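If you scroll down you'll find the structure; I have some questions about it.
The values are calculated or read from the model by the stated rules, or taken from the named source; none is laboratory data. Quick caveat: nothing in here was measured; it's all calculated off a predicted structure. FYI the Cβ positions are ideal-geometry reconstructions off the backbone, even for glycines, and counts take in every protein chain you see.
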Amino acid sequence: MDFFTPVVDDPYMFGQIAATNSLSDVYAMGGKPVLALNIVTFPQCKDMNILGEILMGGAEKVKEAGAIVVGGHTVDDDEPKYGLSVMGTVHPDKVLSNANAKVGDVLILTKPIGTGLINTAIKGEIAEEKHIKEAVKYMSTLNKYAAEIAFKYNINSCTDITGFGLAGHAFEMASGSNVSIRLISSNIKFIDGAVEYAKMGLVPAGTYRNKSYISGKYISKISEDFMLDLIFDPQTSGGLMFSLPEREGIKLLHELKESGIDAFLAGYVQNLEDKHIIIE
C-alpha cells in the first residue's frame, strides 16, 4: 500500500502517478498486479469532481496494468491524498528480493532520476513546463513494460527506486546482500531540468533525510555537491533497478532500449569493502 499528497496540479494526472507508484512494488517483487483498493483522503468542502478525476486517473492505470479496482476507503481530511493497496500473484520460485545481489552483477535502472528536484521546483512555481511534462511522463509510466522484459532474464535482485533515492535503495540492496555497490555517476541519466534545479539548490528535504539515513555507510569520490544531491534525490514512481550477471545485463539493457525504455547501467556489485555504497 502506498499513497501521498498531490505532486502535480492536474487531479487526473495525480491519480495516474499515485496509482503507477503503488503498482510498482508488485513488479519489484516479480509479481503481476491483480486487484487494487483505492485509498483516499479528501476534504468534504472541495469539489467532488476533482476527486472523480483523481479516481479516474488511477483506475485507468490499474486497467493498463491488467488489474481491477474492487473498492477502497475514503476519509474526510483537509489535505487530499491518494494511492492504492495492491494485491498480485507471483510463482513461489520466482519471487524477487532486494537482498540477493551477487558479486559481478551489473545494475540496470529503467527510468532516469530527478523527480524530487523537479517536484520541488513545481512547488516553488519555477519549474519550466517542458521539465514538468518530462517528469510527469516518467512518473506515470508503469514499470510493467520493463518488468515483462526483465523477467525473461536471470534476475538476482530487484528494487524500485522511490523515496530513499538511488543511493538509499542501493544501500538496502547492498546491505541485505552483504556486498558493496559502486554507483557510476557519469552513467546515470537524469530527467531534463533536474541537474539545473540541483545546481540552483532546489533540494527537497527528503534528500537530507536520505543522506542522514546512510550516513557513515557510503563513500563519495565525486566533488560536485549537486551530483550527490541528485543521487540521493527522493523519487516519486521511479524505475526498477535489476541486479543480474553482466553478460545478461548487457543483453537486458539492449532489449530495454530497443523497446523504447530509457534504461541505463547505473553501477556494479562487488565484494564487500569498508562501505556498502561507493559513489564515483
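Taking the stated definitions as given, is residue 252 assigned to a helix (DSSP H, G or I), more than 15 Å from the chain's Cα centre (by Cα), surrounded by 17 or more Cβ atoms within 10 Å (Cβ to Cβ) and touching a residue at least 60 places away in the same chain (Cβ under 8 Å)?
yes
Suppose we keep only residues that are at pLDDT 95 or above and assigned to a loop (DSSP other than H, G, I, E, B) within the range 207-233. Which one would you say is surrounded by the most Cβ atoms within 10 Å (Cβ to Cβ)?
Once the filter is applied, the top-ranked residue is 233.
Limited to the range 183-233, what total is found for residues that are touching a strand residue (DSSP E or B) at 6+ places or on another chain (Cβ under 8 Å) and among the small types (Gly, Ala, Ser)?
Number of matching residues: 3.
Quick one: what pairs do we get from the range 64-77, first residue in contact (Cβ under 8 Å) with a residue 24 or more places away in the chain, second assigned to a loop (DSSP other than H, G, I, E, B), C-beta under 8 Å, 6+ apart or different chains?
Taking only residues 6 or more apart or on different chains, the pairs are 64/142; 65/142; 76/43; 76/44; 77/43.
Next up: Kindly check whether there is at least one residue in the range 214-222 that is over 13 Å from residue 279 (Cβ atoms) and more than 17 Å from the chain's Cα centre (by Cα).
Checked against the condition, which is being over 13 Å from residue 279 (Cβ atoms) and more than 17 Å from the chain's Cα centre (by Cα), the range 214-222 yields at least one hit.
Before we move on, is residue 59 assigned by TED's automatic domain parsing to the domain that holds residue 29, closer than 30 Å to residue 243 by Cα, surrounded by 17 or more Cβ atoms within 10 Å (Cβ to Cβ) and free of Cβ contacts under 8 Å to residues at least 60 places away in the same chain?
no
Going through 86, 136, 75 one at a time, which residue ends up being surrounded by 17 or more Cβ atoms within 10 Å (Cβ to Cβ), hydrophobic (A, V, I, L, M, F, W, C) and not assigned by TED's automatic domain parsing to the domain that holds residue 260?
Testing whether each residue is surrounded by 17 or more Cβ atoms within 10 Å (Cβ to Cβ), hydrophobic (A, V, I, L, M, F, W, C) and not assigned by TED's automatic domain parsing to the domain that holds residue 260 leaves just 86.
Here's something else I'd like to know. The conditions are (1) free of Cβ contacts under 8 Å to residues at least 60 places away in the same chain; (2) crowded, with 19+ Cβ neighbours inside 10 Å, and residue 35 fails exactly one of them. Which is it?
(2)
Quick grid of which residues meet (1) under 26 Å from residue 228 (Cβ atoms); (2) outside the structural domain of residue 24 (by TED's automatic domain parsing); (3) of a type in the set (D, E, K, R):
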{"residue": "99", "(1), (2), (3)": "yes, yes, no"}
{"residue": "126", "(1), (2), (3)": "yes, yes, no"}
{"residue": "145", "(1), (2), (3)": "no, yes, no"}
{"residue": "148", "(1), (2), (3)": "no, yes, yes"}
{"residue": "159", "(1), (2), (3)": "yes, yes, no"}
{"residue": "166", "(1), (2), (3)": "yes, yes, no"}
{"residue": "180", "(1), (2), (3)": "yes, yes, no"}
{"residue": "186", "(1), (2), (3)": "yes, yes, no"}
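Are there helices (runs of 4 or more DSSP H) fully within the range 110-206 with at least 1 residues that are at pLDDT below 95? List them.
The qualifying helices (runs of 4 or more DSSP H) are 115-123.
For the range 29-76, which residues satisfy the criterion of being part of a helix (DSSP H, G or I), closer than 30 Å to residue 100 by Cβ and in contact with a strand residue (DSSP E or B) (Cβ under 7 Å, 6 or more places away or on another chain)?
Across the range 29-76, the qualifying residue is only 62.
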